[in-house]
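Undergrad: Okay, handing you the structure first.
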Amino acid sequence: MSSAMPTSTETFTGFRLEAIQFLADLAANNDRAWFTPRKSDYERLLKGPLEALCVALDERLRARGIPLAADPVRSPFRIYRDVRFSRDKSPYKTNIGASFPWIGVGDGRPGGYFHLSPGDIFVGGGMWHPEPARLAAFRRLVDGDPGRIHAIVDEPRFAAMFGTLMGERLTRVPRGYAADHPDAELLKLKDVGFGRPLADADVTTPDLVDLIADTLDLGVPLLRILVDLRA
């Protein structure tokens, strides 16, 4: 099998600490001259294990009835940056990540996410940069039926693991809602997400598969609401 193809036959045993160091070194040497002779190291340390993680996670999600998909081809994000409209012409991302979309919905819809970079490792989910109609529907739900949202975000296990919902926020309550609205912070959200940080030790073990599955499982009730939003 070519090293450029998904290594779906690889068994996930955890990322090596060397993989995290590779990303740190890439951040300090973000150019083709450094990366090209080390591409095989990237594939061995990061690309292959991430694909293997997706294979193992998809099996676990299916077994547990969690309606998210982890695909070794579609889920991982490419290491190459799109620099066409960016002032920063650095050719490579200094992190790896994978998305786990809700089964049966199109691209850009709610789902889960895993992110790995030096000093910033996390797993979570939600909807990022949703289309205006979907975000407006979320705000109407917060305003008109706040109990549905609070039953999820105030649930003790959800709150203990994730804290408050995360995402970019407006500086003020959006037009059409009172400035002193009791759920002003929810209404200000431009993204609607949840997440938990992970330590290096969490990702260097095959137990990462279950950790991600457990995390996403706890987020399913919120994801289901986001998926069902109607403009």
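Readers should treat all values here as calculations from the given coordinates under stated rules, not as data from a laboratory. For clarity, every value in this text was computed on a predicted model and none was experimentally measured. Reconstructed Cβ throughout: ideal geometry from the backbone, glycine too, with neighbour counts over all protein chains shown.
Undergrad: Once amide H atoms are placed 1.01 Å from N in the peptide plane, what residues at a sequence separation of 5 or more from residue 121, or on another chain, have their amide H within under 5 Å of its amide H?
TA: 198
Undergrad: Amide H to amide H under 5 Å from residue 155: which residues, 5+ apart in sequence or cross-chain, H placed 1.01 Å off N in plane?
TA: Residues meeting the amide H criterion: none.
Undergrad: I'd like the Karplus ³J(HN,Hα) series for region 82-88: coefficients 6.51, -1.76, 1.60, θ = phi - 60°, whole numbers in Hz, and an x wherever there's a Gly or Pro.
TA: 8, 9, 4, 10, 10, 6, 7
Undergrad: Nearest 0.05, what FRET efficiency do residue 17 and residue 85 give at R0 = 41 Å with Cβ-Cβ as r?
TA: Working: r = 35 Å, r/R0 = 0.86.
Between residue 17 and residue 85 the formula returns 0.70.
Undergrad: Do the sum for the chain: with -39,500 (n - 2.57) for every DSSP H run of n ≥ 4, divided by all residues, what is the mean residue ellipticity at 222 nm, to the nearest 500 deg cm²/dmol? Mind dumping the intermediate values first?
TA: Details: 10 runs with 94 residues, N = 231.
It comes out at -11500 deg cm²/dmol, rounded to the nearest 500.
Undergrad: Let me ask you something else. Average projected area of the Cα convex hull of the chain, in nm²? Each step should come with its number before you reach the end.
TA: Details: hull surface 56.3 nm².
Reported value for the Cα convex hull: 14.1 nm².
Undergrad: Would you mind getting me the FRET efficiency between residue 33 and residue 205? Use the beta-carbon distance for r and R0 = 30 Å, nearest 0.05. Don't skip to the end; give the middle numbers.
TA: Details: r = 34 Å, r/R0 = 1.14.
Calculated value: 0.30.
Undergrad: Same structure, new question: From the phi angles alone, apply the Karplus equation (6.51, -1.76, 1.60; θ = phi - 60°) to region 110-117 and give each ³J(HN,Hα) in whole Hz, x where the residue is Gly or Pro.
TA: Karplus-based 3J(HN,Hα) across region 110-117 equals x, x, x, 7, 10, 10, 9, 8 Hz.
Undergrad: Which longest run of the chain has no exposed loop site in it, a site being trypsin sites (Lys or Arg not before Pro) in a DSSP loop with at most 11 other beta carbons within 10 Å, and the site itself not part of the run? Could the numbers behind the result be given before it?
TA: Values: sites that count: 78, 84, 87, 89, 172, 175, 230.
That gives 90-171 as the longest site-free run.
Undergrad: Let me ask something else. Would you kindly derive the ³J(HN,Hα) couplings of region 92-105 from the backbone phi angles with the Karplus curve 6.51 cos²θ - 1.76 cosθ + 1.60 (θ = phi - 60°), listing them in order in whole Hz, with x for Gly and Pro?
TA: 10, 6, 10, 8, 10, x, 8, 10, 10, x, 4, 5, x, 10
Undergrad: How many nm is it between the label spots at residue 154 and residue 24, if each spot is 7 Å from the Cα in line with the beta carbon?
TA: Each label point lies 7 Å from its Cα, and together they span 4.3 nm.
Undergrad: By how many nm would the segment from residue 168 to residue 103 grow when fully extended, if each residue of separation counts as 0.36 nm and the alpha-carbon distance is taken off?
TA: Values: separation 65, 0.36 × 65 = 23.40 nm, distance 2.53 nm.
Working it through step by step, the gained length comes to 20.9 nm.
Undergrad: Work out which helices of the chain, taken as complete DSSP H runs, extend at least 15 Å along their axis over the Cα atoms and score a mean Kyte-Doolittle of 0.5 or more, then list them. Numbers along the way, then the final one.
TA: Working: long enough: 17-28 (17 Å, 1.28); 48-64 (24 Å, 0.08); 132-144 (18 Å, 0.08); 208-228 (29 Å, 1.37).
For the chain, where a helix must reach 15 Å along its axis and average at least 0.5, the hits are 17-28, 208-228.
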